[in-house]
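Every read-out reported here was derived from the displayed coordinates using simple, explicitly stated rules and does not represent laboratory data. If you're wondering where the values come from, they're calculated on a predicted model, not measured in any experiment. Glycine gets a Cβ as well: all are built from the backbone with ideal geometry, and neighbour counts include every protein chain shown.
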Amino acid sequence: FIQVYAEEIVHEGQPIGTILVFRDVTPETEVDRMKSELVSTVSHELRTPLSSIYGFTELMLKRDLGPDRSKRYLQTIHDESKRLTDLVSDFLNVQRMESGKQSYEKEVFNLLDVVKEQIQFHQATTEQHTLQLDADQGQTFLVEADRNSMRQLLGNLLNNAVKYSPDGGEIIIGLLEHDANIELSVRDFGVGIPVSSTPHLFSKFYRVDNSDSRKIGGTGLGLSICKEIVREHDGTIEVESVLGDGALFKVMLPNATKK
Ligand code: ADP
């Protein structure tokens, strides 16, 4: 929100100009909005895994459970702890970015290397999905970027593609060289996104409010982190989706060959 204040300057009875003062009044309201979203996300997202960890450990301490049940409960405790760790690390990430404390070490490299590495890493976490690379592997896709940020960017997109395709299936990761840009895309065939949600998707804490998303769980921070990374690299990120038929996320980064 911008507040505009205008005053006409008059010299010896003649108007000689106008002073315009633009005051950005966004930060306060934005901080307030963030705070209330933070409170509601934290109360929901932290409470659920914590109460499940508490409940299962209590059961295990009080009762003599057989090895099968113990193992199942341990797995739940393990999964929920992972969720908590992810949540805390997302929060810290956003905070670091917002406060300008995040440093980016940019170098020119072939984005294909990070793409291959991330595909391998994420493929190892799922048997239900097939991660497929769609790129000319003889080609280089040069970007001037912070390598870790690129890992995080693609990592978040792949994480979502897996998460929001609960029935498994293909995930296609594309790399294309355009004249001025390198295009990185992630396509899945999962639950998809309602058109009414796409304008808000990259906002902090935004989650599509439907039963699919609620069941799947998350912080609503992953895509806002992606957006911030892309912005830092003078790129763009957009989404195309058909509800019930998956989503396509497209990132454009400046082509470093053209520099
Ligand atoms: P999170 O997944 O932790 O909720 P994100 O910021 O990564 O947060 O995503 C925001 C929301 O966008 C998600 O809650 C989900 O509703 C929707 N979304 C993101 N990626 C996908 C996808 N590949 N398919 C369907 N919905 C998605």
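Observations, loosely collected:
- Only one of Ile119, Ile216 that is surrounded by 15 or more Cβ atoms within 10 Å (Cβ to Cβ), closer than 30 Å to Ser36 by Cβ and in contact (Cβ under 8 Å) with a residue 24 or more places away in the chain: Ile216
- Criterion (out of contact with any helix residue (DSSP H, G or I) (no Cβ under 8 Å at 6 or more places or on another chain) and more than 15 Å from Asp146 (Cβ to Cβ)) met by exactly one of Lys116, Lys106: Lys116
- Gly100 vs. criteria assigned to a helix (DSSP H, G or I), small (Gly, Ala, Ser) and either on the phi < 0 side of the Ramachandran plot or without any contact (Cβ under 8 Å) to a residue 24 or more places away in the chain (or both): no
- Enumeration of residues in region 80-97 that are free of Cβ contacts under 8 Å to residues at least 40 places away in the same chain and either outside any helix (DSSP H, G or I) or more than 30 Å from Phe56 (Cα to Cα) (or both): Gln95, Arg96
- Unique residue being of a type in the set (Val, Ile, Thr), surrounded by 18 or more Cβ atoms within 10 Å (Cβ to Cβ) and within 14 Å of the ligand (Cβ to nearest atom) when the list is Ile182, Ile173: Ile173
- Conditions (1) exposed (fewer than 14 other Cβ atoms within 10 Å of the Cβ); (2) within 14 Å of the ligand (Cβ to nearest atom); (3) among the small types (Gly, Ala, Ser); number of the one not met by Gly155: (1)
- Residues that are of a type outside the set (Lys, Arg), touching a Phe, Trp or Tyr at 6+ places or on another chain (Cβ under 9 Å) and farther than 30 Å from Asp32 by Cβ within region 184-211 comprise Leu184, Ser185, Val186, Asp188, Gly190, Val191, Gly192, listed in sequence order.
- Candidates are the residues of region 205-241 that are small (Gly, Ala, Ser) and near the ligand (Cβ under 9 Å from one of its atoms); the one that is farthest from Ser81 (Cα to Cα) is Ser241.
- Test: residue in region 32-41 that is surrounded by 10 or more Cβ atoms within 10 Å (Cβ to Cβ), under 30 Å from Val4 (Cα atoms), within 20 Å of the chain's Cα centre (by Cα) and in contact (Cβ under 8 Å) with a residue 12 or more places away in the chain: yes
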